[in-house]
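These notes concern the structure reproduced below.
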Amino acid sequence: MNPNVRPDDMKRIVNSELANAFIDEQVAAVRAQVGNKRVLLALSGGVDSSVVAALLIKAIGKQLVCVHVNHGLMRKGESEQVIEVFGKALDANLVYVDATDRFLDLLAGVADPERKRKIIGGEFIKVFDEEASKLEGISYLAQGTIYPDILESIKQAEGKKAVKSHHNVGGLPEEMQFELVEPIKLLFKDEVRVVGEALGLPHAMVYRQPFPGPGLGVRCLGAITRDRLHALREADAILREEFDNAGLAEKVWQYFIAIPYIKSVGVKDESRYEGWPAIIRAINTKDAMSATIEEIPYAVLHKITARITSEVPGINRVLYDLTPKPTGTIEWE
Ligand code: XMP
């Protein structure tokens, strides 16, 4: 039996009963695999790595070392949530690394999206590697690989061409010589969420919308500057809050702000006010290969516009991107 192929008779995990059975099975399997050895995990705070972390904490407790690298391109409150949930509530062995300055210094002046992705992905591996080498006696590397990742790599191996390189900064540092622990590799995303809830993770974490590995780095368009990145993070937090208030958060597959590097003339307090536009993107899709635009009620758009333009320094307009994929990709870079 190929361990990377989902058996035909494997039941779809649709409720807590099936999730608990899966958890018991994986807890036993992980214990049998790693014995009393130590396991390392890059914990991004995304759904997959969070579920793996919670599962492994249940299986092996402090033998798991979670490393959370804050690359300075996280959304507002995300790293804090990782510390809160894993460092405090679950009492995990958590190493938190604030590498914001390293990443932003390297990215200064770099405008090309693919170069930005390479720098972010490469630096992530470096920081993670440095942290790993400070730890004693690590034998295994845990990963939040899920079944669509396996299917995707099969497609890539068949030579299908990608539009973007899609660096996933939570991915495996290729040169690392560890044996892998991949407890959710045969699960689809909806199943991972059911398992996450059964493990007691916060609903908002388990139902978090997809977030690209390079994070806000590909939404702060062109060469990233700290002031524009700050405006982006604040505007994005407002968008998310208002989508939550309007009951749209779980209805829309992905929604975010992008900020281009142009300024336009505006007016504030009766004076000329040059600022960036904040662009709202809100799409629905099944597989991210194509996407349609979500019809956001005007009242919600007005509220978001009013809040962003009054609360976020540097922004004087809000635009709503109506482009489906194709022709627009979901991200602007
Ligand atoms: P695009 O922009 O290609 O995005 O239509 C499709 C989906 O992939 C996400 N995305 C990425 N995810 N690393 C990732 O891990 C990346 O470099 C990357 N670029 C895009 C995007 O957010 C959308 O869900």
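Residues Lys58, Lys76: which one is outside any helix (DSSP H, G or I), touching a helix residue (DSSP H, G or I) at 6+ places or on another chain (Cβ under 6 Å), open to solvent by 50 Å² or more (accessible area, probe 1.4 Å) and at pLDDT 95 or above? Explain how you work it out, then say what you get.
Numbers: Lys58 fails: outside any helix (DSSP H, G or I).
That would be Lys76, the only listed residue that is outside any helix (DSSP H, G or I), touching a helix residue (DSSP H, G or I) at 6+ places or on another chain (Cβ under 6 Å), open to solvent by 50 Å² or more (accessible area, probe 1.4 Å) and at pLDDT 95 or above.
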**Prompt:** Only one of (1) in a helix (DSSP H, G or I); (2) hydroxyl-bearing (Ser, Thr, Tyr); (3) under 25 Å from Val218 (Cβ atoms) is not met by Ser133, so which one is it?
**Reply:** (3)
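Does Tyr147 meet the test of being in contact (Cβ under 8 Å) with a residue 12 or more places away in the chain, of a type in the set (Ser, Thr, Tyr), more than 17 Å from Gly46 (Cβ to Cβ) and open to solvent by less than 30 Å² (accessible area, probe 1.4 Å)? Spell out how you get there, then give the answer.
Working: in contact (Cβ under 8 Å) with a residue 12 or more places away in the chain: yes; of a type in the set (Ser, Thr, Tyr): yes; more than 17 Å from Gly46 (Cβ to Cβ): no; open to solvent by less than 30 Å² (accessible area, probe 1.4 Å): yes.
No.
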**Asked** When residues of segment 8-48 are filtered for being more than 13 Å from Phe188 (Cα to Cα), more than 27 Å from the chain's Cα centre (by Cα) and assigned to a loop (DSSP other than H, G, I, E, B), how many remain?
**Response** 5
**Message:** If Lys303 meets every condition in (1) more than 20 Å from the chain's Cα centre (by Cα); (2) surrounded by 14 or more Cβ atoms within 10 Å (Cβ to Cβ); (3) within 16 Å of the ligand (Cβ to nearest atom) apart from one, which number is that one?
**Reply:** (3)
**Message:** Exactly one condition in (1) at positive phi; (2) at pLDDT below 90 is false for Gly109; which is it?
**Reply:** (2)
**Message:** Could you tell me how many of the residues in segment 310-325 are open to solvent by less than 60 Å² (accessible area, probe 1.4 Å) and within 15 Å of Glu241 (Cα to Cα)?
**Reply:** 1
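Does segment 178-201 include one or more residues that are among the acidic types (Asp, Glu), in the same structural domain as Asp112 (by TED's automatic domain parsing) and not in a helix (DSSP H, G or I)?
First, pick out the residues of segment 178-201 that are among the acidic types (Asp, Glu): 179, 182, 190-191, 197.
Cutting the leftovers down to in the same structural domain as Asp112 (by TED's automatic domain parsing) gives us 179, 182, 190-191, 197.
Checking the rest, the ones that are also not in a helix (DSSP H, G or I) come to 179, 182.
Yes, there is a match, as at least one residue in segment 178-201 is among the acidic types (Asp, Glu), in the same structural domain as Asp112 (by TED's automatic domain parsing) and not in a helix (DSSP H, G or I).
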**Prompt:** So Leu107 fits all but one of (1) crowded, with 19+ Cβ neighbours inside 10 Å; (2) within 16 Å of the ligand (Cβ to nearest atom); (3) within 18 Å of the chain's Cα centre (by Cα); what number is the exception?
**Reply:** (3)
**Complete:** Scanning segment 121-166 residue by residue, those more than 21 Å from the chain's Cα centre (by Cα) and within 16 Å of the ligand (Cβ to nearest atom) turn out to be Lys155, Gln156, Lys160, Lys161
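Residues checked against (1) open to solvent by 10 Å² or more (accessible area, probe 1.4 Å); (2) under 19 Å from Thr323 (Cβ atoms); (3) among the charged types (D, E, K, R):
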position: Glu242; (1), (2), (3): yes, no, yes
position: Tyr255; (1), (2), (3): yes, yes, no
position: Ser264; (1), (2), (3): yes, no, no
position: Arg272; (1), (2), (3): yes, no, yes
position: Ile280; (1), (2), (3): no, yes, no
position: Asp287; (1), (2), (3): yes, yes, yes
position: Glu295; (1), (2), (3): yes, yes, yes
**Request:** Specify the residue that is farthest from Gly275 (Cα to Cα); the eligible residues are those in segment 205-250 that are away from the ligand (no atom under 16 Å from the Cβ), outside any helix (DSSP H, G or I) and of a type outside the set (Gly, Ala, Ser).
**Result:** Leu248
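The values are calculated or read from the model by the stated rules, or taken from the named source; none is laboratory data. Everything numeric here is computed off the predicted structure, so don't read it as measured data. Glycine gets a Cβ as well: all are built from the backbone with ideal geometry, and neighbour counts include every protein chain shown. Just so you know, the surface numbers come from the protein's heavy atoms only, side chains and all, with ligands and any DNA or RNA stripped out. Shrake-Rupley method; radii C 1.70, N 1.55, O 1.52, S 1.80 Å.
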